[in-house]
Amino acid sequence: MQLNRDALLQAYRRMRTIREFEERLHIENRTGEIAGFTHLYAGQEAVAVGVCEHLTDKDWIASTHRGHGHCIAKGCDVGGMMKEIYGRADGLCKGKGGSMHIADLDKGMLGANAIVGGGPPIAVGAAIAAKLAGEGHVAVSFTGDGGSNQGTVLEALNMAAVLKVPKIFVFENNGYSEHTGAAYALAGQDLGRRVEGFGIPVFRADGFDFFSVYEAMRQALEVSRTGGGPAAVYATCTRYFGHFEGDPQNYRAKGEVEKFREESDCLKGFRARVTEAGLIDGATLDAIDAEVLAEIDAATIAAKSAAPPVPADVLTDVYISY
């Protein structure tokens, strides 16, 4: 499996954008200017990008409370996202959703979701619509190891299998459900085997490796885009920050995060692989790093100075009229 140079550059840019976006929010959250809880995705970039690089705006995704990475990987505007997190009127959801509810239907992003396990049923609905339309589109949901234990997820797996809809379940096992280790809370330990129990094929990936995730997603799409029904991608990974901003992560071993950053960073691994293969030179990647950092700087400055919603807007966008 070989991606062309432009595809590699786009994948790296999106992973780097996720990383810088989250690293900046980790800093900005301490100022007290951001309302509500913030859950950062840094460390898991290879999963979101490895999956979404296969998708178009006509394919749907449903995210989680840790959704910034999925939004960026699906092509959502970084400036609009930052304004949304700051609660500004011209954010992607007009400042009313915040970090855990960013959505952009034009990009096929059905929304992040503060309800644990809330995304898979929504994506099954989108997959039913895709099957009826018959245009070859798919719906994808992202779920963590903790969320996988929710009844909504099991019901979604069952319905997708029964109806044979073009639905891909992406499970990101980052090792922790809030503050509880997956080794304790995940019965059977192997989530992939649980999904296979529904008759759904599972394609496993190293969530620290973009290329591994990309290949697993390619195989899953071969099933779902061609009428084969649902499929799943199961990736193991880690998050660098706490469950939420302010979580001291006392449940993690001393030096655990630092070890992951040093030895298993998906950006370092991507850079090493493409430069050693002579596909992209380091200077080009350095230039992308600088461009992305400037973009995040500009997005943050613009968000801080943007106007909030006005009181008269409180009842708009509450209900939809058909």
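The values are calculated or read from the model by the stated rules, or taken from the named source; none is laboratory data. Quick caveat: nothing in here was measured; it's all calculated off a predicted structure. Note: ideal-geometry Cβ built from the backbone for every residue, glycine included; neighbour counts use all protein chains shown. Quick note on the areas: whole protein, heavy atoms, side chains included, nothing else; ligands and nucleic acids left out. Shrake-Rupley method; radii C 1.70, N 1.55, O 1.52, S 1.80 Å.
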Under the rule rounded for a/c under 1.5, else prolate if a/b exceeds b/c, else oblate, using alpha carbon gyration tensor axes a ≥ b ≥ c, region 74-215 is classed as oblate
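Please work out the average accessible area per residue across the chain, using the 1.4 Å probe convention, and give it in Å².
Accessible area per residue: 44 Å².
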With all protein chains present, region 5-307 has a carbon and sulfur share of its accessible area (1.4 Å probe) in percent of 54 percent
By the mean-Cβ-within-10 Å protection proxy, highest first, 96-106, 13-23 rank as 13-23, 96-106
Asserting the computed 222 nm helical MRE of the chain (DSSP H runs at least 4 long, -39500 (n - 2.57) per run, divided by residue count, to nearest 500) equals -13500 deg cm²/dmol
Heads up, region 186-291 by the C-alpha gyration tensor (a ≥ b ≥ c square roots of eigenvalues; a/c under 1.5 rounded, else a/b over b/c prolate, else oblate) looks oblate
Against the 2.2 N^0.38 Å rule of thumb, the C-alpha Rg of region 5-307 sits at a ratio of 0.95
Count of lysine pairs, region 5-307, Cα-Cα under 22 Å, sep. 8 or more residues or interchain, comes to 25
The rounded separation in angstrom of the Cα centers of region 140-216 and region 51-114 is 21 Å
Around MET109 (Cβ within 13 Å, Cβ-to-Cβ, excluding MET109; K/R +1, D/E -1) the net charge comes to -3
Measuring from its Cα centre, the chain shows a charge dipole (+1 at each Lys and Arg Cβ, -1 at each Asp and Glu Cβ) which, in debye to the nearest 20, is 620 debye
In the neighbourhood of GLU178 defined by beta carbon distances under 14 Å, the net charge of the other residues (Lys, Arg +1; Asp, Glu -1) is 0
Ranked by GNM mean-square fluctuation in the chain (Cα springs under 10 Å), the top entry among LEU186, LEU132, LEU55 is LEU132
Lys and Arg at +1, Asp and Glu at -1: neighbours of HIS26 with Cβ under 12 Å from its Cβ sum to -2
Note, region 166-173: 3J(HN,Hα) by Karplus (6.51, -1.76, 1.60, θ = phi - 60°), whole Hz, Gly/Pro = x, goes x, 10, 10, 8, 9, 10, 10, 8
Partnerless cysteines (no other Cys beta carbon under 4.7 Å) identified across the chain are CYS52, CYS93, CYS237, CYS266
